[in-house]
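One structure below.
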């Protein structure tokens, strides 16, 4: 091996090691001073005006929840690079980080490791995840824009960066900080050193670290009943969100008994998050281990009974939380294709009427309103007999809307257990709770696929069916796409959108020996049947997704970390047809 190659291997190994070290530090919930002028953490942090050089990190305020209203923790990394008060050019900074991102991928993975189209897609995907803010503007690295400064004319004294990076690319943070410092120095602006960081909690100092995320009051002596009720309610709500649904939580609590030990083991195998919940319950002394399983303590029985008494109120609260997940328009596809256009169906509002003109002369006539107009005019003109003229005619106005019938084809192989399948459940429920569109669900696993939910607007039917999803086995992707295509053909929806969600490469063929080729052949049928198509690839990325999107004349998204908010944003962008197209 040449000396230059040895040096590259050493540097690559060093960057990967530094990325892993940073990931381990952030996992502890603490921040770090990077270099001497930057602070990195997964929490909200700031520099007080009266303590320059000291940064306070709030350990109980997750950056993703504070800045992006995310549902899950540990999705965003908060980076601040401190400098003398000045206006940093955001466009120069964004360009530097975009170039360094591409160089980082070339350096880490090797220039020949991926195809150029996949490397470009991954670069754009990472750049879209980095949000910048300076005194001159804000936005992602791909789309920075000018923005008004802070109120009162205050000039920022730091560059604010929020990065939603996957775990394996945390080493990119070093490059982001380095390029930010270079952009500041390029404008002859001095950097400011951070001398100290202080970890602080907004919860009272005498509070404990609550495993379920909220305090649970067990001793009712002297405690107001409304406080006890709220604490129990919040604890169960937090646990239900953690495991995916209230029904799964109730089924799990019902299996905590030595007589139902095997049932509990099967549930924990299907839903890995239940193992974490069991550990939290042991810390809170809600359950105790026995030779043949687990049993509730007196505290655990109290919490379990509370769940059964207030299950309807908890279910309503979870529906409200799903409905209120913020939707941010403009989710950018990793690849653009010449996709099938949405049908612009023209409907008329028969409850309203407007005067007929040249622009709406072909609209249906509103007969009652037209007769009333003619009668009024005839009375005022004393014409006697009723006579309808052109100026009396009223028509129904157009209301233009393209209804969308969404068929979700979800990978239910073994690798989709836990947070991934939970995100699929949440996005399906969110669509029903926030839109008037119909939703269907097709799952594929082992060597077959099944229609779990036909096109429906019935929330109860969908909710109960989603709880029956149990990921396991292989990935028969072609069979899943074929089943989705058959369902759309039989249901004949007006404006079908087929969304594929998968986290791996297909490993079960349909008609040939090549599972990818079989999936591509199915995708070629989508344009012929006027079906809009998009594919969402969850970590690990499927290098075959661009091929599927090209065959189906659709788009594809590469999502390296699962987050309900990002998946919901993708779905809304596609159903609204706001994604850019390129022929």
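A few notes on this one:
- Evaluation of residue 241 against the conditions (1) part of a helix (DSSP H, G or I); (2) in contact with a helix residue (DSSP H, G or I) (Cβ under 8 Å, 6 or more places away or on another chain); (3) modelled with pLDDT of 85 or more shows that the sole unmet condition is (3).
- Selection within segment 70-94 - over 26 Å from the mean Cα position of the chain (by Cα) and surrounded by fewer than 20 Cβ atoms within 10 Å (Cβ to Cβ): 84, 85, 86, 87, 89, 91, 92
- Remark: pairs (first residue in segment 440-466, at positive phi; second residue at pLDDT below 90 and not in a helix (DSSP H, G or I); Cβ separation under 7 Å; 6+ apart in sequence or on different chains) = 446/473; 446/474.
- Looking only at segment 559-580, and only at residues there that are part of a loop (DSSP other than H, G, I, E, B) and either at pLDDT 80 or above or more than 23 Å from residue 437 (Cα to Cα) (or both), the one that is farthest from the chain's Cα centre (by Cα): 560
- Criterion violated by residue 494 - all others in (1) under 23 Å from residue 544 (Cβ atoms); (2) at pLDDT below 90 satisfied: (1)
- Of the criteria (1) under 25 Å from residue 566 (Cβ atoms); (2) modelled with pLDDT of 85 or more; (3) assigned to a loop (DSSP other than H, G, I, E, B), which one residue 135 fails: (1)
- Within segment 430-448, tally of residues that are assigned to a strand (DSSP E or B) and either out of contact with any strand residue (DSSP E or B) (no Cβ under 6 Å at 6 or more places or on another chain) or over 23 Å from residue 270 (Cα atoms) (or both): 5
- Meets criteria (at pLDDT below 90, within 23 Å of residue 427 (Cβ to Cβ) and part of a helix (DSSP H, G or I)) for residue 321: yes
- Within the set 49, 61, 96, the sole residue that is modelled with pLDDT under 85 and over 26 Å from residue 569 (Cα atoms) turns out to be 49.
- Condition check for residue 178 on (1) assigned to a helix (DSSP H, G or I); (2) buried (at least 19 other Cβ atoms within 10 Å of the Cβ); (3) in contact with a helix residue (DSSP H, G or I) (Cβ under 9 Å, 6 or more places away or on another chain): one failure, at (2).
The values are calculated or read from the model by the stated rules, or taken from the named source; none is laboratory data. In this text, all values refer to a predicted model and were calculated from it rather than measured experimentally. Ideal geometry is used to build each Cβ from the backbone, glycine not excepted, and the neighbour counts take in all protein chains shown.
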